[in-house]
1. Can you compute the FRET efficiency between residue B:83 and residue A:188 using 1/(1 + (r/R0)^6), with r the Cβ-Cβ distance and R0 = 30 Å? Round to the nearest 0.05.
2. For residue B:309, put the label point 7 Å out on the Cα→Cβ axis and report which residues of segment B:146-163 keep their amide N under 19 Å from it.
3. Measuring from label point to label point, each 7 Å out along Cα→Cβ, what is the residue A:308 to residue A:221 span in nm?
4. Neighbouring Cβ atoms within 10 Å as the yardstick, rank B:201, B:128, A:144 fewest first.
5. What would the Debye equation give as log₁₀ I(q)/I(0) for segment A:36-124 at q = 0.23, 0.24 Å⁻¹, counting only Cα atoms as equal point scatterers?
6. Over chain A, what relative contact order in percent results from Cα pairs under 8 Å that are six or more residues apart?
7. What does the C-alpha gyration tensor say about the overall shape of the protein assembly as shown? Classify as rounded when a/c is under 1.5, otherwise prolate if a/b is larger than b/c, or oblate.
8. As I understand it, the value is the acute angle between the Cα axis of helix B:211-221 and the longest principal axis of the Cα atoms of chain B; what does it come to in degrees, rounded to 10?
C-alpha cells in the first residue's frame, strides 16, 4: 500500500492555523471569550466563501453543502468540546470540523480532492473526517451518525475517563428510525453522548412543518432524554447549552438532546445555483439573513479587535488555499488504497488473461 | 477433544477471543440467555458489558457497533435470522465497510457479524430461509461460510482478529455436524484460503457451507464412475482463486453447488472467473436455488427449490461425459 503521508504534506497543515484556526476551537476549559467565538465564526464564513469560489472555479468538483448561516452552532459546539472528544458529523460539516480544530488548509485540500487533505482526498466535502481532532466521520446516510456516536460514546465510557461523543445532524434526520433507536440505546445505558440537531427548517426542499409530526425535542423527551430548544443564531447561547449537556455527560448523567433553530443562507447544495429550486419564500430567507449570527457576534467585539481578527483570518485562509491547491492529486493507481484496513487488494475489473495466471503447485 | 459440535466450536472460538482480548464483546438479541447457544455460559463468565443484550433495533445497534469499533473495540454482533442482515445491509456495506476508505486510512472497523442460522430450515417458510452471502461478496464485504466445526472455530477466530468488517454465515445445515478432533486441531483459519475435502482428478465440485456434505456424499456415491475433488472455498470474499485454479489445473472440469439464488449468486461469479481465466475441458455448470426463490411453507414446496444431491450427481456425470 502506498502511503501518501510520505509526500510530506498531509500532517503539516497550514501556517497560521495556530492563530486563526485553533484559538477558540475545542477549548473545553471554561467559557470562550466573545472574540474567540467571533474568530471561529468568521473563519467558518470566510472558509465557506473561499470554498464556494473553488466550486465555481472547478477546483472542488463535488460542489459543497454550505453551512453559511449556521456558523453559531458550529462555533458554540466546538468551544464546549475538548479535542479528545468524538464527533460524528453530517454532510454539512465544514464548520463543525473547523470548530473542532481541523486545520483549514487540510480541510480545504480534502474538499479539492488532494492527497494533503484530512482524509487524503478520499472523503471529500461530503464525508470528511479528521481523527487528529476526534471527528470520526460524516456519514451521508442521514440520521445514521447518531447510533455511530452512541456506540463510540459507550466505548469511551467503558474505557473510563470523561470523554464524550457528539452527534450532529439536521432536522431531516429526526424522522430516521435508526436515530430514534440510538436515543433508546443511549437513554437505556446513560451513554455520554450529546445529540445536536441543527434545525435549519428544511430537509433539502422539505419544510420541517411538513415532515415532523409532534415536535423535534419531543422525540428525545419520549425516551427520557433531557431536551432543549435553543436559538441557534447566537453562539453564546449555543455554547452554554452544549457546555451544560457536555458537563452532564462527563458526570455520568447520560445523553442530552439539543435543538438549535438556525437557517442556511444558501441552497441545500451548490447544485441549487443552477437548478433554481423555489421552495423557500425570499422574504423568509431575507428575515433570517437579517439575523446573521456573524453580525450578532461581531457586535460583541470591539472594532479594533475585530479588524485584527479579520486580517488574521484572511491571511490564514490565503495560506489555506495555497496549501490546498499545491497538494497533489491522487495517483489513479492508488484508487484501491485504504479500502481494507488489513491491506487486502481487490481484483481489478478486467480479468488477467488465462496465460498470465500462474498456478501455485 | 472428540465429537465437537459446530455451535460449540463457535462458542469456544468466541470465548477464547474474549479471554485473549478485552476489546472483544458481543451484542445481539437474546444473547444473555444464549438462544442460539453461541454465547452459552458467557453471561456469567463475562458479565453484561461484554455480553450485551440489545433491544430489537438492528439498524441502530449495527451502527452502535461501528462507532464502538472506531473507538477501539472489537464488537461481535449476532443476528438470529438471515433477513436481519438485509435490514442492516446499508449499515454494513455502505457504512462500516466504507469508513476505512472514506477516512483515507485513518480508521478501521473491526466488527464481526455472526449469523448462526444461515439459510434453510425445513418448513420455516419465506422469510426465515434466505442465504444472502452473495450480496456481501458482491459489495466487497469480507464473507466466510464455514462448513465444519473446526473451520467454524478457525474462521470465527480470524474474523474477530481481522481489522475489517467480516460477516460469518453459519449454515443451519451445518449446525448439527460434529467432528472428531485432536487437541491442537482448533487453530485460526486464514481468511481467503479454501480447503480440499476430498481429492479427485476428473471434476472439481465447489461446494459452499452445508452443501459440502452433500458434495462429499455424491463423491462417495459416484466413486466407481468418476473421481470428484471437493473444494470448499470457506471464505467467499476474498475468494481463494489460486486454490480453485490449482484444482482445475488438475481436473479441467467444474460444477458449483451454491445455496444462493441463481442470478448474480456466488456460483455465477465462480463460473465466470473459471471461464475467463482457467483452462476448462468442458463448459462449467452450477446448481443453485432458482431465480428469485421464495420458499413456500409446505415441505414439498420448500424442498423443491433446494439444491439437491441428485442434481449434483446428474451434472457431474454430464460434465464428465461432455469432455
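Every number here is computed from the coordinates shown, using simple stated rules; none is lab data. Only a predicted model underlies this, so the values are computations on that prediction, with no experimental measurement involved. Here Cβ is always computed from backbone atoms with ideal geometry, including for glycine, and neighbour counts include all displayed protein chains.
1. Step by step, r from the Cβ atoms, then E = 0.75.
2. Correct set: B:147-148.
3. 4.6
4. B:201, B:128, A:144
5. For the requested q values the scattering log ratios are -1.17, -1.25.
6. 23
7. Working: a/c = 2.36, a/b = 1.89, b/c = 1.25.
Prolate is the answer for the protein assembly as shown, as a/c is 1.5 or above and a/b outweighs b/c.
8. 30
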